[in-house]
Amino acid sequence: MSYSNDRGPYGGAWRNDGGVPPHAFDPWAQPELFRGVLTRRVFAFLIDLVVLSVPVILGVIFIALFGVVTLGLGWALFWLVSPASIIWAIVYYGCSIGGRHSATIGMRVMDLELRTWYGSPGYFVLGATRAVLFWVLVSFLSPLVLLVGLFNGRRRLLHDIILGTVVINSSVRTEVTRAARAY
């Protein structure tokens, strides 16, 4: 690569700030992005639990009936329920966060979306990692995970801070983006 001008290796000008973009969502300049987010996150989580539980319950019912039909041999498949549930949850969160809405079904119902701290939408690996980290942290630090959100302006929970994500009001972000484009 040749650096014959004052541009860096990716075409951007040299910066003195370490190349780190600023936070995209400021709770002091745009407080409407974060109003009611924690309460709605709780309800979104409950909706997502129902969405995750329905296929697992149907799978358990199928295995139970299959076991009756096969005179007990089918019940040997019950060992698959736990690993399949974990894989289903990781795929669900990965695909929904990595989807075009950057939100799970529960988050969409509650008008929330996940963004990185610099403003880009989520992606599959981020969604899957977020799910795993959330469940691990809840297993060890359950009250602390939720309490952290009460003491920061962006209403981020512990796993959001670790992963560099933020959950915001989806419709408000759309309005703020339109207003910014109008200028």
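The values are calculated or read from the model by the stated rules, or taken from the named source; none is laboratory data. It should be emphasised that the depicted structure is a prediction, and the values quoted were computed from it without experimental measurement. Cβ sites come from the backbone with ideal geometry, for glycine too, and all protein chains shown count toward neighbours.
A few comments on the model shown:
- Among the residues listed as 46, 38, 33, the single one being at pLDDT 85 or above, farther than 22 Å from residue 164 by Cα and hydrophobic (A, V, I, L, M, F, W, C): 46
- Whether a residue is at pLDDT 95 or above, of a type outside the set (Ser, Thr, Tyr) and not in a helix (DSSP H, G or I) was assessed, and residue 24 does not pass this test.
- Within the range 20-56, the set of residues being surrounded by 12 or more Cβ atoms within 10 Å (Cβ to Cβ), of a type in the set (Val, Ile, Thr) and over 20 Å from the mean Cα position of the chain (by Cα) comprises just one member, 56.
- Annotation note: Cβ proximity below 9 Å between a residue of the range 137-154 that is within 14 Å of residue 165 (Cα to Cα) and in contact (Cβ under 8 Å) with a residue 60 or more places away in the chain and a residue that is surrounded by 16 or more Cβ atoms within 10 Å (Cβ to Cβ) and among the acidic types (Asp, Glu) (sequence gap 6+ or interchain) occurs for 149/160; 154/160.
- Of residues in the range 78-108 being among the aromatic types (Phe, Trp, Tyr) and touching a residue at least 24 places away in the same chain (Cβ under 8 Å), the one farthest from residue 119 (Cα to Cα): 88
- Summed over the range 132-153, residues that are under 11 Å from the mean Cα position of the chain (by Cα) and under 25 Å from residue 27 (Cα atoms) total 2.
- Selection within the range 61-77 - loosely packed, with under 15 Cβ neighbours inside 10 Å and either part of a helix (DSSP H, G or I) or in contact (Cβ under 8 Å) with a residue 12 or more places away in the chain (or both): 61, 62, 64, 65, 66, 68, 69, 73, 75, 76
- Segments classed as helices (runs of 4 or more DSSP H), wholly inside the range 99-183, with at least 1 members that are at pLDDT below 95 and either buried (at least 18 other Cβ atoms within 10 Å of the Cβ) or in contact with a helix residue (DSSP H, G or I) (Cβ under 8 Å, 6 or more places away or on another chain) (or both): 124-147, 158-163, 170-182
- Residue match in the range 87-104 (condition: aliphatic (A, V, I, L, M) and over 17 Å from residue 133 (Cβ atoms)): yes
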